[in-house]
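Written out below as structure tokens is the structure these notes cover.
The values are calculated or read from the model by the stated rules, or taken from the named source; none is laboratory data. Source: prediction; values computed, not measured. Calculation scope for accessible area: heavy atoms of the full protein, side chains included, ligands and nucleic acids excluded. Shrake-Rupley method; radii C 1.70, N 1.55, O 1.52, S 1.80 Å.
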Amino acid sequence: MKKKVLVLGCTGSIGTSTLDIIRDFPDLFSVAGILAHNSEEKIKALSKEFGGVNFFLTKNSTTTQLEEFIINSQADIVVNGISTSAGLFPSVVALKAGMDLALANKETIVMAGKIIKKIAKENNANILPVDSEHSAVFSLINRYGKDSVKEIILTDSGGPFREFPTEKLNNVTPSDALKHPTWQMGQKITIDSATLANKGLEVIEACQLFDVTTEQVKVVVHPQSLVHSLIKTNDGVLYAQVSPPDMKHPILTALTWPNFVCNKLEELDITAGCQLSFFPPRYQDFPMLSLAYHAAKNHGAYSIAFNAANEVAVPAFLNGQISFCGISNLTKDVLDENWTENPVTIEDVFLFDNKARQLAKSLLEKKPEAYS
């Protein structure tokens, strides 16, 4: 029986890789539907390729139309490759419909982790992480057991400024920040990788997804991006998931869970001059990581505010409105407000999200010099 896969964000890097996997495994998977924001020509061509499957463009659409599209797809599993907080609502719809969720949209868990997990449990749906780091941790915990895990160690490439002089960071340009050394990704996540905000979001996600404290989640810089994450068991031993930096590996893991299937993806040859190096992050130079730990530790709506402020700051940086360091300065100012109240419903989450965005925009208007 083929597994029916709904691909959200089908023209992005995650969606493209997912469709490649479906092409490679026609006996295992079929396309239940495809969604993009505004790439009309591309999505029509993809629909035709996969037998005229239903497609959906989110630009100028309503949430009701989006909800109907997801439910009517009757998918077995939904791959959510939508970037930013726009991916939260589709995740909720999929889980409420009892569909398994292969989740690359980290904002879903960052903004509403406890609520999302409750919805999944109530509807007998599984949340399967697709971020390479969380996919690795998920697999390792499934292998060794949650009770045996002392620490989770997330790896980070270090981004384009891993060895950049501190005094020059405020002068980097958007084009500099968009040159990621390892991964080909969209603009938002590439900037997040440069500021380490992406790793900060992953720290928050790990705490929520695996029910661990901030003290149990560590970050190490690993430039080769071959070790995707590690766990440390109670006896002090480290176990790692190691593979080439190709998102098809974690996507396939999610689509075939709990099974492992033979495939033609690139395997790592450790005899071919493979080198692994690890360094501590530069917390002082990349404060978004520390701010994320702060948000995760304080609970309430802090994680929502962290994500919202960053989503306002990144476009401002790309547009030349603020400096590279202004991203973290603006995020810190937003987090300095009181976000201790806990969201109870998804509607609460969106209210806090909107409040944080409006605050960030107001700060940019009132004192732009503070972020330049």
Hz values of 3J(HN,Hα) by residue in region 148-163 - Karplus curve (6.51, -1.76, 1.60), Gly and Pro given as x: 8, 8, 8, 9, 10, 10, 8, 8, 9, 5, x, x, x, 10, 4, 10
Excluding ligands, DNA and RNA, what is the solvent-accessible area per residue of the chain at a probe of 1.4 Å, expressed in Å²? 46
In the chain, carbon and sulfur make up what percent of the accessible area (probe 1.4 Å)? 50
Past 27 Å, Cα to Cα, is the threshold; run Lys106/Lys355; Lys4/Lys188; Lys106/Lys150; Lys2/Lys150; Lys199/Lys264 against it and keep the listed order. Lys4/Lys188; Lys2/Lys150; Lys199/Lys264
Region 120-191: relative contact order from alpha carbon pairs under 8 Å, six or more residues apart, as a whole percent, is 20
Scalar couplings 3J(HN,Hα) for region 198-213 by Karplus 6.51 cos²θ - 1.76 cosθ + 1.60 (θ = phi - 60°), nearest whole Hz, x for Gly and Pro, are 4, 5, x, 4, 6, 5, 4, 4, 4, 4, 6, 5, 10, 6, 10, 7
Protein chains only, probe 1.4 Å: how do Tyr293, Tyr371, Tyr144 rank by accessible area, largest first? Tyr144, Tyr293, Tyr371
Equivalent ellipsoid semi-axes, the chain, via Cα gyration tensor eigenvalues times 5, rooted, Å: 30, 26, 21
Output the relative contact order of the chain, whole-number percent, from Cα pairs under 8 angstrom with separation of 6+ residues. 15
Take every Cα pair under 8 Å in region 160-310 that's 6+ residues apart, average their separations, divide by the length, and report that relative contact order as a whole percent. 26
Most to least accessible of Glu41, Glu167 (protein chains only, probe 1.4 Å): Glu41, Glu167
In what order, largest first, do Leu265, Leu318, Leu95 sit by accessible area if the probe radius is 1.4 Å? Leu318, Leu265, Leu95
Provide the per-residue ³J(HN,Hα) series for region 278-290, in order, calculated from phi with Karplus coefficients 6.51, -1.76, 1.60 and θ = phi - 60°, each as a whole number of Hz, with x at glycine and proline positions. 9, 9, x, x, 8, 4, 5, 7, 10, x, 4, 5, 5
